[in-house]
Amino acid sequence: RNIISDFGLSAFYYYRDHSGRYSQYFEDEPWYYPYDNTGYRREFSPYAKTRLLLGPLSLYGDIQWRYTDFRYNGLEDFPGESWNFLNWSSGISYNFRNSQIYWGIGRTNREPTRTDLFSGWDDFIPDYYNEVLPETALSNEIGYKFATRDFSISTNIYYMDFSNEIVLNGQVGPNSIMLHQNAAESFRSGIELDLRQNIDNWEFRISGNASYNR
């Protein structure tokens, strides 16, 4: 019996200055107003990983707490946004002969970007604020792998259940970047297949993959 554990912490602080000018028209005459702002991002995320080996059987579990926020300093007051996420995953695998079968489940979270919150504007304009919510995904996967020196095959089936998935909404912001919005409920599922074959006495390999997704 072997237990392998890993603990860690990651943190970063990031800021970026934005400046430019917007153009508008008044009585068919163009006029311009400049803007100058700074965006700030912080993140703090401790994590733990553990794997238990019981002969051909392997069990694992990962957990991460992630805090991140976004602050802004510009012409308009912006209250800022902050998010707390608990990401985790666990699974089991079994090895026999040249094969492995496995199953895993995990939950991940993702926050919206500055571009989506500001509706594509480079400067915060309260009338255009877009209250995009963070998304959550619960993923299940089961698979099989077989490998020898010259041949390997792997296949897996997955199902991802989303809450508030951040998806494209068909709009383009003033900075020409595609914008996103929440979908209250959505899912993705599919099956994937990967094959590899080495040719005897040749430094040559044939490989191929296929997938069906819904």
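Apply 1/(1 + (r/R0)^6) to the Cβ-Cβ distance of residue 21 and residue 172, taking R0 = 22 Å, and write down the FRET efficiency to the nearest 0.05.
Once the sixth-power term is evaluated, E becomes 0.65.
So, in nm, how far is label residue 209 from label residue 49 when the simple model puts each one 7 Å beyond its Cα toward the Cβ?
2.0
So how many Å³ per residue does the convex hull of the Cα atoms of the chain work out to?
193
Apply the Karplus curve 6.51 cos²θ - 1.76 cosθ + 1.60, θ = phi - 60°, to the phi angles in the stretch 105-112 and return the couplings in whole Hz, x for Gly and Pro.
Taking θ as phi minus 60°, the curve returns 9, x, 10, 10, 10, 8, 8, x Hz for the stretch 105-112.
Measuring from centroid to centroid over Cα atoms, what is the spacing of the stretch 126-205 and the stretch 82-104 in Å?
Taking the Cα centre of the stretch 82-104 as reference, the centre of the stretch 126-205 is 16 Å away.
Once a ≥ b ≥ c are taken as the square roots of the eigenvalues of the Cα gyration tensor of the stretch 113-179, is the result rounded (a/c under 1.5), prolate (a/b larger than b/c) or oblate (a/b not larger than b/c)? The partial results should precede the final answer.
Values: a/c = 4.95, a/b = 2.74, b/c = 1.81.
Prolate is the answer for the stretch 113-179, as a/c is 1.5 or above and a/b outweighs b/c.
Using θ = phi - 60° and the Karplus curve 6.51 cos²θ - 1.76 cosθ + 1.60, what whole-Hz ³J(HN,Hα) does each residue of the stretch 176-192 get, with Gly and Pro shown as x?
6, 9, 5, 9, 10, 8, 7, 10, 4, 9, 7, 8, 9, 8, x, 9, 10
Rounded, prolate or oblate for the stretch 156-197? Axes are the square roots of the Cα gyration tensor eigenvalues, ordered a ≥ b ≥ c, and the cut-off for rounded is a/c under 1.5. It would help to have the intermediate numbers written out before the result.
Working: a/c = 5.87, a/b = 1.80, b/c = 3.25.
Because a/c hits 1.5 or more and a/b fails to exceed b/c, the stretch 156-197 counts as oblate.
Compute the whole-percent fraction of alpha carbon pairs in the stretch 140-214 spaced more than 21 Å apart.
Pairs farther apart than 21 Å: 54 percent.
Roughly how many percent of the accessible protein surface of the chain is carbon and sulfur, given a 1.4 Å probe and a whole-percent answer?
C and S atoms contribute 53 percent here.
For the stretch 4-127, list log₁₀ I(q)/I(0) at each q in 0.11 Å⁻¹, using the Debye formula over Cα point scatterers of equal strength and ignoring solvent, two decimals each.
Each listed q maps to, in turn, -0.60.
Taking H as built 1.01 Å from N, whose amide H comes closer than 5 Å to the amide H of residue 133, not counting residues under 5 places away?
182
FRET efficiency for residue 197 and residue 157, Cβ-Cβ distance as r, R0 = 30 Å, nearest 0.05? Walk me through the numbers on the way to the answer.
On the way: r = 23 Å, r/R0 = 0.76.
Given R0 = 30 Å and the Cβ-Cβ separation, E is 0.85.
The values are calculated or read from the model by the stated rules, or taken from the named source; none is laboratory data. None of the values given here were measured: they were computed from a predicted structure. Neighbour counts are summed over all protein chains in view; Cβ atoms, including those assigned to glycine, are modelled from backbone coordinates with ideal geometry. For accessibility, only protein heavy atoms count, side chains too; no ligands or nucleic acids. Shrake-Rupley method; radii C 1.70, N 1.55, O 1.52, S 1.80 Å.
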